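All remarks here apply to the structure that follows.
The values are calculated or read from the model by the stated rules, or taken from the named source; none is laboratory data. Owing to the predicted nature of the structure, the values given are computational and were not obtained by experimental measurement. Cβ coordinates were reconstructed from backbone atoms using ideal geometry, including for glycine residues, and neighbour counts include every protein chain displayed.
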């Protein structure tokens, strides 16, 4: 888990206690000592969902695309890639099957729930054109969203 959050997602380990099996991680270590603590001792069955979702905002479409590539190269299970009108998000699982998302805020307003499948590959111009097309099409949520990588 530590390697996934540090190496794949790029979070910084800010503190740790190996004796207790605790690792503190942050995406903004200059501002936040930690945003999440990884700890040993989970007693629930693996299929029990203890976390619904953890999300991280990225600064650009390019960064979102880089995350898609890194996650794909790592072999992470990408559940879906959705355009919500106000954001484009990549939904994926960590090694313990917790739901995670990285997303880019588009700056557009869109009543929620809104979710349309979008392909994050291609040029930034392509992704933004697809975003504009999906938003202009309106509607709400695709019945079975999900681009599988």
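Is it fair to say residue 10 is in a loop (DSSP other than H, G, I, E, B) and over 15 Å from the mean Cα position of the chain (by Cα)? So that I can check it myself, show each step before the final result.
Details: in a loop (DSSP other than H, G, I, E, B): yes; over 15 Å from the mean Cα position of the chain (by Cα): no.
Answer is no for this residue.
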*Tell me which residues, restricted to region 100-110, are modelled with pLDDT of 95 or more and surrounded by 15 or more Cβ atoms within 10 Å (Cβ to Cβ).*
100, 101, 102, 103, 104, 106
*asked:* As an exercise: evaluate residue 113 against (1) surrounded by 13 or more Cβ atoms within 10 Å (Cβ to Cβ); (2) outside any strand (DSSP E or B); (3) touching a strand residue (DSSP E or B) at 6+ places or on another chain (Cβ under 6 Å); (4) in the same structural domain as residue 133 (by TED's automatic domain parsing) and give the number of the one condition it does not meet.
replied: (1)
*For region 81-109, enumerate the residues that are in contact (Cβ under 8 Å) with a residue 40 or more places away in the chain, part of a strand (DSSP E or B) and over 19 Å from residue 132 (Cα atoms).*
99, 100, 101, 102
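I want to confirm something. Restricting to region 79-99 and keeping residues that are touching a helix residue (DSSP H, G or I) at 6+ places or on another chain (Cβ under 8 Å) and closer than 15 Å to residue 115 by Cβ, which single residue is surrounded by the fewest Cβ atoms within 10 Å (Cβ to Cβ)?
In the first step, residues of region 79-99 are kept if they are touching a helix residue (DSSP H, G or I) at 6+ places or on another chain (Cβ under 8 Å); the result is 81, 83, 85, 88, 90, 92, 94-95.
Cutting the leftovers down to closer than 15 Å to residue 115 by Cβ gives us 81, 83, 85, 88, 90.
On the way: 81: 23, 83: 27, 85: 20, 88: 26, 90: 26.
Looking at the filtered set, the residue picked out is 85.
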*Has region 49-69 got any residue that is buried (at least 19 other Cβ atoms within 10 Å of the Cβ), in a strand (DSSP E or B) and modelled with pLDDT under 95?*
no
*residue 22 is checked against (1) closer than 23 Å to residue 76 by Cβ; (2) modelled with pLDDT under 95; (3) not assigned by TED's automatic domain parsing to the domain that holds residue 98 and fails just one. What number does that condition carry?*
(1)
*Could you figure out which of (1) modelled with pLDDT under 95; (2) surrounded by 16 or more Cβ atoms within 10 Å (Cβ to Cβ); (3) within 19 Å of the chain's Cα centre (by Cα); (4) over 19 Å from residue 9 (Cα atoms) isn't true of residue 134?*
(3)
